[in-house]
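J.: Please find one structure pasted underneath; my questions will follow.
The values are calculated or read from the model by the stated rules, or taken from the named source; none is laboratory data. These numbers come from a predicted model, not from an experiment. No Cβ is skipped: glycine too gets one built from the backbone with ideal geometry, and neighbour counts run over all protein chains shown. These area figures cover heavy atoms from the full protein model, side chains too; ligands, DNA and RNA do not enter into them. Shrake-Rupley method; radii C 1.70, N 1.55, O 1.52, S 1.80 Å.
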Amino acid sequence: MSWHGGVLGDGDGVEWPRVLLLALAVTVVVALGTAAATSSTAFGPYNPSWDGSSDFRQDVETDSTVERHLVRDTAQYDRVPANDTVAFVIAPDERYDGADAERVREFVADGGTLVVLENFGDSGNALLSTVGAEARADGQLLRDERNHFRGPTMPVATNVTDHRSTTGVDQLTLNYATAVEPGNATVLVGTSEFAYLGPEDDDLDEQDDLRSYPVATVENVSEGQVVVVGDPSISINAMYDEPDNTAFVRGLYADADHVIIDRSHDAAVPPLTATLLTIRNSPLLQLLVGALSIGLVGLLSRSRTRSPLETVRSRLPMQSQPSDDRDSTSGAPGLSDTERAEYLRRRYPEWDAERVQRVITALNHPRSEDNTDE
């Protein structure tokens with residue numbers, strides 16, 4: 001270890017109260033940062049837990065062929081070309097009413113593709129009605145006693161229609177899904193012939209309507225398209241990688257240049273993410289943040305960093321009268337080598353004689369008065 005290492009490490013010693021305080025501060029900052037940047041909301045794109053859709057969001061973000069837009073206000077639909085955009089609405093908590101509903105309707109009418117993933121809520125069906133689609137989520141629990149993943153409430157839908165949106169898809173792995181009433185829509189994916197609808201405690205022996213149920217449909221509405229999927233869970237982290245959910249979701253936006261993840265009618269996004277999105281959507285704020293960043297960099301660049309040698313020098317006691325014993329190299333008044341050695345031995349009792357002498361030699365060097373790397 002160089003004498004610099006000795007000064008910074010062994011020389012200063014370990015001040016455990018400060019170390020513990022620093023560790024606590026780092027822990028708090030990391031915890032606050034994580035809380036500010038993540039969410040615990042079900043289906044949330046910034047929720048990394050099993051019921052979040054952060055994997056889906058990251059999958060879109062890493063796709064170099066599309067541009068991702070996280071929408072918190074339906075007014076942002078006007079900022080993208082509708083005929084090159086696919087918008088995902090995943091189990092919305094609130095209904096789209098008034099101007100919000102009208103903007104989404106216009107988006108579809110202008111050629112946009114709207115994908116609604118809904119199972120038991122009524123907000124998704126209300127939006128489908130507003131935009132003029134015929135398909136609806138049934139709202140009853142879909143079960144399959146023969147073709148399932150980990151139980152009858154997780155059916156494996158294997159009846160896949162040959163369509164450009166289902167390229168590379170042989171099945172969907174569902175989780176608490178419902179059927180889709182297609183109307184005049186084209187069925188993209190259906191269950192096996194052994195599926196049925198009803199409460200989870202229904203007895204299979206009482207079922208007399210075992211058949212294949214649609215779980216995903218597509219239909220033309222005005223100049224656009226509407227896709228309905230009876231299971232928002234295909235987008236969550238726990239199910240996204242199950243066969244062939246990822247391939248199916250990717251296929252829905254394969255021909256698009258823009259992908260909207262619509263969170264305008266769901267729980268709020270995390271505070272830090274909301275701040276970043278606000279800045280990104282405001283040129284004025286971008287200019288202000290840029291100016292502040294440049295100013296901060298300039299301020300920090302002017303600050304003078306204390307060298308390790310200066311740290312040791314600052315710890316040496318000051319004397320009101322200069323010593324008669326002058327530095328043999330620089331001729332500057334101050335402590336004699338003997339006084340310096342005595343002080344250093346008291347201040348750093350763990351140092352051996354060789355280290356003490358090495359530090360004194362460095363302090364006596366003419367360049368030690370400057371802020372150098374020695």
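J.: Indicate the gyration tensor shape class of segment 46-121 (rounded, prolate or oblate), computed on the Cα atoms with a ≥ b ≥ c the square roots of the eigenvalues: a/c under 1.5 is rounded; otherwise a/b larger than b/c is prolate and the rest oblate. All intermediate terms of the calculation are to be shown ahead of the outcome.
T.: Numbers: a/c = 2.05, a/b = 1.20, b/c = 1.72.
Since a/c reaches 1.5 but b/c is at least a/b, the shape of segment 46-121 is classed as oblate.
J.: Please give the length that would be gained between Thr158 and Ser129 if that part of the chain were fully extended, namely 0.36 nm times their separation in residues minus their C-alpha to C-alpha distance (nm, one decimal).
T.: Here the answer is 7.6 nm.
J.: Run the dipole for segment 98-171 about the Cα centre, Lys and Arg Cβ at +1, Asp and Glu Cβ at -1, nothing else charged, and hand back the magnitude in debye, nearest 20.
T.: Working: 7 positive and 12 negative charges, 47 e Å.
Taking the Cα centre of segment 98-171 as origin, the dipole is about 220 debye.
J.: Full extension from Tyr343 to Trp50: what is 0.36 nm times the residue separation minus their Cα-Cα distance, to one decimal in nm? Can you show the working numbers first?
T.: Details: separation 293, 0.36 × 293 = 105.48 nm, distance 6.06 nm.
Using 0.36 nm per residue and subtracting the Cα-Cα distance, I get 99.4 nm.
J.: Another question about this same structure. Applying the Karplus parametrisation 6.51 cos²θ - 1.76 cosθ + 1.60 with θ = phi - 60° to the phi angles of segment 142-153, what ³J(HN,Hα) value in whole Hz is obtained for each residue in order, glycine and proline being reported as x?
T.: Running phi through 6.51 cos²θ - 1.76 cosθ + 1.60 with θ = phi - 60° gives 9, 9, 8, 6, 10, 10, 8, 8, 10, x, x, 7 Hz.
J.: In whole Hz, what ³J(HN,Hα) sequence does segment 343-349 give by Karplus (6.51, -1.76, 1.60; θ = phi - 60°), x for Gly and Pro?
T.: Using θ = phi - 60°, the values come out as 5, 5, 5, 6, 6, 10, x Hz.
J.: For segment 90-203, just say rounded, prolate or oblate: build the C-alpha gyration tensor, square-root its eigenvalues into a ≥ b ≥ c, call rounded for a/c under 1.5, and beyond that prolate if a/b exceeds b/c, oblate if not. Display every interim value, and only then the final one.
T.: Values: a/c = 2.62, a/b = 1.56, b/c = 1.68.
Here segment 90-203 falls in the oblate category.
J.: Karplus couplings for segment 216-230 from phi (6.51 cos²θ - 1.76 cosθ + 1.60, θ = phi - 60°), rounded to Hz, Gly and Pro as x?
T.: 8, 9, 9, 8, 7, 10, 6, 8, x, 9, 10, 10, 10, 10, x
J.: Rolling a 1.4 angstrom probe over the protein heavy atoms, how many square angstrom per residue are accessible across segment 42-162?
T.: Details: 5180 Å² over 121 residues.
Accessible area per residue: 43 Å².
J.: So how strong a dipole does segment 65-204 carry about its Cα centre when Lys and Arg Cβ are +1 and Asp and Glu Cβ are -1, to the nearest 20 debye? Walk me through the numbers on the way to the answer.
T.: Values: 11 positive and 25 negative charges, 87 e Å.
Once rounded to the nearest 20, the dipole reads 420 debye.
J.: Set the Förster radius R0 to 35 Å, insert the Cβ-Cβ distance between Glu145 and Asn220 as r into 1/(1 + (r/R0)^6), and round the FRET efficiency to 0.05. Could the numbers behind the result be given before it?
T.: On the way: r = 35 Å, r/R0 = 1.01.
Approximately 0.50, to the nearest 0.05.
J.: Using amide H atoms built 1.01 Å from N in the peptide plane, name the residues 5+ places from Gly224, or on other chains, whose amide H lies under 5 Å from its own.
T.: It is Gly111, by chain and number.
J.: Still on this structure: Order 143-155, 59-71, 172-184 from most to least packed using the mean count of other Cβ atoms within 10 Å. Could the numbers behind the result be given before it?
T.: Working: 143-155: 18.1, 59-71: 16.1, 172-184: 22.2.
Descending mean neighbour count gives 172-184, 143-155, 59-71.
J.: Just in segment 71-128: which chymotrypsin sites (Phe, Trp or Tyr not before Pro) are loop by DSSP and have at most 13 other Cβ atoms within 10 Å? Mind showing how you got there, number by number?
T.: Numbers: sites: Tyr77, Phe88, Tyr96, Phe107, Phe120; in loops: Tyr96, Phe120.
Passing both the DSSP loop test and the Cβ count: no residue.
J.: Determine the gain in length on full extension of the stretch Ser336-Asp209; use 0.36 nm per residue of separation and subtract their C-alpha separation, reporting nm with one decimal. Don't jump to the answer; show the numbers that get you there.
T.: Numbers: separation 127, 0.36 × 127 = 45.72 nm, distance 10.11 nm.
Between Ser336 and Asp209, full extension yields 35.6 nm more.
J.: May I ask you to give the percent of accessible area on segment 63-120 that is carbon plus sulfur, with a probe radius of 1.4 Å?
T.: Numbers: 890 of 2470 Å².
Heavy-atom surface of segment 63-120 belonging to carbon and sulfur, 1.4 Å probe: 36 percent.
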